[in-house]
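Structure first, commentary second.
The values are calculated or read from the model by the stated rules, or taken from the named source; none is laboratory data. Worth saying up front: this structure is predicted, and the values here are computed from it rather than measured. Backbone-built Cβ (ideal geometry, glycine too); neighbour counts: all protein chains shown.
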Amino acid sequence: MDWVNALVQGTLLGGLYALFAAALSLIFGVMRLVNIAHGDFIVLAAYLGLTVVMSTGLHPLLALSLVVPMMAGFGYALQRGILNQTLGDDILPPLLVTFGLSVILQNLFLEGYTADPQKMDAGLLETASVSLGSLSLGILPLLTFAIAVAVIAGLQFVFYRTALGRAFRAVSDNQEIAQLMGLNKRHIFGLAMALALAVTAVAGVLLGIRTSFDPTSGGARLIYGFEAVIIGGLGNLWGTLAGGVILGVAQTIGAKIDPGFQLLAGHIAFLLVLAVRPNGLFPRVSG
Amino acid sequence: MPDPILSLDGLCAHYGDFQALYGVNMTLNEGEVISIIGANGAGKTTLLRSVSGLLTNAGSQIRYRGASIGNLRADEVAALGIALVPEGRQLFPSLSVEENLLIGGRLNRPGPWSLQSVFELFPILQERRTAPSTALSGGQQQMVAIGRALMSNPELILFDEISLGLAPVIIKSIYDALPGIVGEGMSAVIVEQDISKALSVSDRVYCLMEGRVTLEGASQTISREAISHAYFGIE
């Protein structure tokens, strides 16, 4: 039964990894931008959540009502102000600029919040659980997984059932021809980054409730996000959820074998998938 | 004589150090159809890219309804009512037939063209509305490209080599549909290598050679000899 428990806990952990990955997948899918600062954006959302909670006394989940629009606004301004200028035929400028942003953000976190680990207090939510047979499932992991499914479903709806989604896909297909349709690609990219950072805000706040974080926590989250995207297959949002689940299960199974093996097991699973299916398990865009 | 809807006044265009157009002068009157003919590399597509905003920095060399549009982006030009049917169709592969048409109409400009009227013009598209655009034949893709441009209800429509790579029977059906399209009060510029097709649907013709206008005249009266001279540079 311990193995079943590890499997279930890994699946639920995969929901959080899918949230880390969804925004990466979205940004890469729409504008072919590999965002090295994504992990730091997750941590930024966690710090923003912490600040809102401390200054207003709101529950961390209610703080999302402020953190999500703040991150979305930041994303739009960042894209229009800086990142649009880096996009072109050469993939190096956005890599360098987002790497620079990562360094700047980490130093700002150090200045503003010190190097001490921080965590948001979600009260009973952190310890509450339900029993399922002999399994005990935490409410917070269950809620995180449910939110991940809802976010992925929401993104899928936006992409395949709305005019904004059509615009995202058209600009992704052919920026030049999309402009002939009256689409201002700079604005569309701004909206895509706003949507991505809104998702990142949810991921960051849930991270800050689940575990402690510090100014250097972004690097690991970036790697988990990349691994989930690549395992699932680029351009497939449900694949990203599957990628997150596979990564989460690999980590918990690894931890079950040996606690020190947890992270390495996740990376090995990623490498195995990459070796067998270089384009990921579900690489096609699904409608 | 009313002001022309489009005028090019000494239009020059460059790709880096390479100059593609040298002082092109051209006018298009309201409701008129002109064709631009010329060999490969004459500058025809460059001219349409300049007018549609895909090549900018033309300054006041391009005027639309009297206003300078040479420095506008392509999306700003589209909002003014200028649509381009690009060479090679260039549909959005991740969008279905219907989605390709809908994105053409996202500017919500008023006019006669809608999803329904495009489907009436090209009934096969209604049958294949949910198909991926990549699953269509070349001719059907060209119909989508034309329909996508019409969905913006343009006042000026630019056609770039719409017969390129299509079977003769498909070319005929598309050219048969053109009078019905431009008869809706639109003005049109047709870039075409098939000279007889171009002359059959246009009021006036311009010939370009190596980035310069070498001939201008009424399509119905211009002589074959004059076209040969202007097109190939031979007597």
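Here are the numbers:
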item: Region B:25-41: number of residues that are surrounded by 23 or more Cβ atoms within 10 Å (Cβ to Cβ) and either hydroxyl-bearing (Ser, Thr, Tyr) or in contact with a Gly (Cβ under 7 Å, 6 or more places away or on another chain) (or both); result: 1
item: Per-region count, region B:180-205, residues more than 19 Å from B:Pro86 (Cα to Cα) and either β-branched (Val, Ile, Thr) or in contact (Cβ under 8 Å) with a residue 12 or more places away in the chain (or both); result: 8
item: Residue within region B:39-57 that is in contact with a Pro (Cβ under 8 Å, 6 or more places away or on another chain) and either modelled with pLDDT under 95 or of a type in the set (Asp, Glu) (or both) present; result: no
item: Set A:Arg186, A:Arg161: member being more than 7 Å from chain B (Cβ to nearest Cβ), touching a residue at least 12 places away in the same chain (Cβ under 8 Å) and of a type in the set (Lys, Arg); result: A:Arg186
item: Residue match in region B:126-147 (condition: part of a loop (DSSP other than H, G, I, E, B), away from chain A (no Cβ under 11 Å), more than 28 Å from A:Val158 (Cβ to Cβ) and not hydrophobic (A, V, I, L, M, F, W, C)); result: yes
item: Residue list for region B:166-183, restricted to those being farther than 25 Å from B:Gly111 by Cα and surrounded by 15 or more Cβ atoms within 10 Å (Cβ to Cβ); result: B:Leu166, B:Ile170, B:Ile171
item: Tally, over region B:31-80, of residues that are in a helix (DSSP H, G or I) and within 11 Å of chain A (Cβ to nearest Cβ); result: 9
item: Residues (crowded, with 21+ Cβ neighbours inside 10 Å and assigned to a helix (DSSP H, G or I)) located in region A:170-189; result: A:Ala170, A:Val171, A:Ser172, A:Ile177, A:Ala178, A:Gln179, A:Leu180, A:Lys185, A:Ile188, A:Phe189
item: Members of region B:81-111 that are under 10 Å from B:Ser152 (Cα atoms), surrounded by fewer than 19 Cβ atoms within 10 Å (Cβ to Cβ) and more than 7 Å from chain A (Cβ to nearest Cβ); result: B:Asn108, B:Arg109, B:Pro110, B:Gly111
item: Residue in region B:88-101 that is in contact with a Lys or Arg (Cβ under 6 Å, 6 or more places away or on another chain), over 27 Å from B:Gly139 (Cβ atoms), without any contact (Cβ under 8 Å) to a residue 60 or more places away in the chain and not basic (Lys, Arg) present; result: no
item: Flag if A:Ala167 is more than 14 Å from chain B (Cβ to nearest Cβ) and not hydroxyl-bearing (Ser, Thr, Tyr); result: no
item: Single residue of region B:69-105 satisfying the filter (among the small types (Gly, Ala, Ser) and in contact with a strand residue (DSSP E or B) (Cβ under 7 Å, 6 or more places away or on another chain)) that is modelled with the lowest pLDDT; result: B:Gly70
item: Residue pairs meeting the criteria (Cβ under 9 Å; at least 6 apart or on separate chains; first under 25 Å from A:Leu19 (Cα atoms), in region A:131-144; second basic (Lys, Arg) and crowded, with 17+ Cβ neighbours inside 10 Å); result: A:Leu140/A:Arg210; A:Pro141/A:Arg210; A:Thr144/A:Arg210
item: Condition check for A:Leu274: outside any helix (DSSP H, G or I), in contact (Cβ under 8 Å) with a residue 12 or more places away in the chain and within 23 Å of A:Phe99 (Cβ to Cβ); result: no
item: Candidates A:Leu234, A:Leu164, A:Leu180, A:Leu222 - the one that is touching a strand residue (DSSP E or B) at 6+ places or on another chain (Cβ under 6 Å) and either within 24 Å of A:Gly280 (Cβ to Cβ) or modelled with pLDDT of 95 or more (or both); result: A:Leu180
item: Hits in region B:58-79 - residues which are among the aliphatic types (A, V, I, L, M) and either under 15 Å from B:Leu156 (Cα atoms) or loosely packed, with under 15 Cβ neighbours inside 10 Å (or both); result: B:Ile62, B:Ala67, B:Ile69, B:Ala74, B:Val77, B:Ala78, B:Ala79
item: Region B:112-122 - residue that is free of Cβ contacts under 8 Å to residues at least 60 places away in the same chain and in a helix (DSSP H, G or I) and, of those, farthest from the other protein chains (Cβ to nearest Cβ); result: B:Glu120
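Okay, residues lined up against (1) charged (D, E, K, R); (2) buried (at least 21 other Cβ atoms within 10 Å of the Cβ); (3) in contact (Cβ under 8 Å) with a residue 60 or more places away in the chain; (4) in a helix (DSSP H, G or I):
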{"site": "A:Val199", "(1), (2), (3), (4)": "no, yes, yes, yes"}
{"site": "A:Thr216", "(1), (2), (3), (4)": "no, no, yes, no"}
{"site": "A:Ala220", "(1), (2), (3), (4)": "no, no, yes, yes"}
{"site": "A:Leu247", "(1), (2), (3), (4)": "no, yes, yes, yes"}
{"site": "A:Gly260", "(1), (2), (3), (4)": "no, no, no, yes"}
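This table checks each residue for (1) of a type in the set (Val, Ile, Thr); (2) in contact with an Asp or Glu (Cβ under 9 Å, 6 or more places away or on another chain); (3) at pLDDT 95 or above; (4) more than 12 Å from A:Ala203 (Cβ to Cβ).
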residue	(1), (2), (3), (4)
A:Leu19	no, no, yes, no
A:Gly29	no, no, no, yes
A:Asp40	no, no, yes, yes
A:Val43	yes, yes, yes, no
A:Ala46	no, no, yes, no
